[in-house]
1. If you roll a 1.4 Å probe over the heavy atoms of the protein chains, what accessible area per residue do you get for the chain, in Å²?
2. Could you work out how far the C-alpha centroid of the range 176-217 sits from that of the range 1-38, in angstrom?
3. Between Gln218 and Asp205, how many nm apart are label points set 7 Å from Cα along the C-beta direction?
4. Shape verdict for the range 1-40, please, from the Cα gyration tensor: rounded (a/c under 1.5), prolate (a/b greater than b/c) or oblate.
5. Quick one: 3J(HN,Hα) in Hz for the range 57-63, Karplus 6.51/-1.76/1.60 with θ = phi - 60°, rounded, Gly and Pro as x.
6. What percent does the relative contact order of the chain come to when contacts are Cα pairs within less than 8 Å and at least six residues apart?
7. Within the chain, what whole-number % of the accessible surface is contributed by carbon and sulfur, with the 1.4 Å probe and all protein chains included in the calculation?
8. Among bridges DSSP assigns within the chain, what percent are antiparallel (round to 5)?
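The values are calculated or read from the model by the stated rules, or taken from the named source; none is laboratory data. Quick caveat: nothing in here was measured; it's all calculated off a predicted structure. Every residue, glycine among them, receives a Cβ derived from its backbone with ideal geometry; neighbour counts consider all protein chains shown. We work out accessible area using only protein heavy atoms, side chains counted, and drop any ligands, DNA or RNA first. Shrake-Rupley method; radii C 1.70, N 1.55, O 1.52, S 1.80 Å.
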Amino acid sequence: MNKPRIQVSGGQRLIENYAAAVTAAGGEPLAAYCPQPDLTCDGLLLCGGGDIECTLYGQEDRGSQPPDRDRDQAETTLFRAFFEAGKPILGICRGMQMINIMLGGTMIQDMPASQQIFHSGPDGDRVHPARVLAGSLLDQMYGPLFHVNSHHHQAVDQLGQGLRITAWSESGVPEALELPGYPLLGVQFHPERMTCSFLRPDTADGAPIFAWLIAACQA
C-alpha cells in the first residue's frame, strides 16, 4: 500500500518537526512554506505559528502580534481546496485557529493574564491537563483527561459553523475542535513536540493524533 501523502503547510522554521511526526505515523509529508494546494495529496496538515490577520475574522487589532499575510493567504487557499475536496484536515495550534476562522469563527486575540500564565511562558511550553468530551476522537485516543503542552496567547472564541469543542484546559480554553461528519481535527497544543524524539514524561504521546490523520486518509 502506498503511503498517504500529506501536504504540510508551516512557517519558515520548525516545520521539520511536523514532517517527522507524519513520517513516523506512516505518511509521506510534502512540507513547505506558503505552498499552492496539491490535491494529489491525501490530506492536509496546518502547522503552528504566529497570529492570524484579525481582519480575516472581522476584528480590529486587540492585542495580536504582527501577522504573516503571505502565509495567511496561502493557508486560506489550502483549507478551501482540501475542504471542498472532502479530504482529511489536521490543524495544530495556529492551524486549529485557522480552521475555526475559515468556518466563520472568531478569536480571543490576547487571553487575560489569569489564563495565559497556564498556556505560554518565556521559557517554552507550559504543561497542563485537558478535559475531553466523551465519545470524541481525543477520548478514543487518550480517555477523559490527559496532559498536553501549550505555547500560545490567543484562543478560539466564537465557534465556526458546525464545529464543536471536544477538549478544554483547566480554565475553559478550547484545546480541540471537531466537525461532525467530516474527517477534521484541530488541537491547540503541540503533539509534534510530544512524540518521536520529543517524547516527554509529563504529557501524553502525541503520536495517535498523527496516526488518526494517516488512517483518515486511508479510509
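1. On a per-residue basis, the chain sits at 43 Å².
2. Using only Cα atoms, the two centres lie 14 Å from each other.
3. Spacing of the two 7 Å Cα→Cβ label points: 1.6 nm.
4. Taking the square roots of the gyration eigenvalues as a ≥ b ≥ c, the range 1-40 is oblate.
5. 10, x, 10, 7, 5, 10, x
6. 20 percent
7. Ligands and nucleic acids excluded, carbon and sulfur give 53 percent.
8. So the antiparallel bridges amount to about 55 percent of the total.
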